[in-house]
1. Hey, could you check the range 234-256 for residues that are in contact with a helix residue (DSSP H, G or I) (Cβ under 7 Å, 6 or more places away or on another chain) and not in a helix (DSSP H, G or I) and say which is surrounded by the fewest Cβ atoms within 10 Å (Cβ to Cβ)?
2. Tally the residues that are surrounded by fewer than 22 Cβ atoms within 10 Å (Cβ to Cβ) and either at pLDDT below 95 or in a helix (DSSP H, G or I) (or both), restricting the search to the range 257-271.
3. Taking the condition of being closer than 13 Å to residue 10 by Cα and surrounded by fewer than 18 Cβ atoms within 10 Å (Cβ to Cβ), how many residues in the range 37-77 meet it?
4. So which residues in the range 135-151 are crowded, with 21+ Cβ neighbours inside 10 Å and either part of a helix (DSSP H, G or I) or at pLDDT below 95 (or both), if there are any at all?
5. Answer yes or no as to whether residue 19 is part of a strand (DSSP E or B), under 17 Å from the mean Cα position of the chain (by Cα) and under 30 Å from residue 126 (Cβ atoms).
6. I'm trying to understand the selection: among the residues of the range 267-290, which are over 24 Å from residue 159 (Cβ atoms) and in contact (Cβ under 8 Å) with a residue 24 or more places away in the chain?
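The values are calculated or read from the model by the stated rules, or taken from the named source; none is laboratory data. What you are looking at is a predicted structure, and each value in this text was computed from that prediction instead of being measured. Reconstructed Cβ throughout: ideal geometry from the backbone, glycine too, with neighbour counts over all protein chains shown.
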């Protein structure tokens, strides 16, 4: 019997790389990975050729424009990839009877709420990046009924550019650093996210769980600020760099960030039996890999 085919876009990103590593633990699937020059979500005609050839059972859309500050000045490009590109993928998935798993972000919220955000809480993005990702969610769900959207936050990995790798570099170079202490959230180790996504597919394929379309939240457990995150990296790696807590207002950026990025993960836990690791455990694992 043929193994179910899963197409993954954005193979060179943090999640794309972690999905390639995780594939070995899911031998029941035939995972096919595509970089953006091989599968450009902006080009529906070229993308359709890949659908025609491989007839995938699932499509994991890890392709995204993720430069949060740059998106303020590159709005057209951010929209093309994060919104129109997602609509293209969703339409093709609907046409070829392919289930879609699309990745989104905590930045669809404005961060003014005190408690953790649930999936059906009111969205109100305060950056263009957040807006483009919110539009992507709408277009994914609106164009294909068999869509799961997974919102995640503060993603890092041993691959690509991210906060953890930037901190490792800066703490070697500098004796002091300023870190924002009034934005709260939960980091997400992309390896844990990759394994969760493939576990959801495995569950749905083995018929222990139904494929339940809709929006889900995923991150590691625990609540921290960027300052706490930096301090943990410093501690685990025994750096001597002094870290000063500062307010967001002292560190202006082109794009606004939500003050509260906490995501409530009860739904993904209950629906798919996903076990969530604590952020410290995952950070230690990533640092030992680096």
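1. 254
2. Result for the range 257-271: 5.
3. Matching residues across the range 37-77 total 3.
4. Matches in the range 135-151: 136, 137, 139, 140.
5. No: the conditions fail for residue 19.
6. Answer for the range 267-290, where residues must be over 24 Å from residue 159 (Cβ atoms) and in contact (Cβ under 8 Å) with a residue 24 or more places away in the chain: 267, 271, 272, 273.
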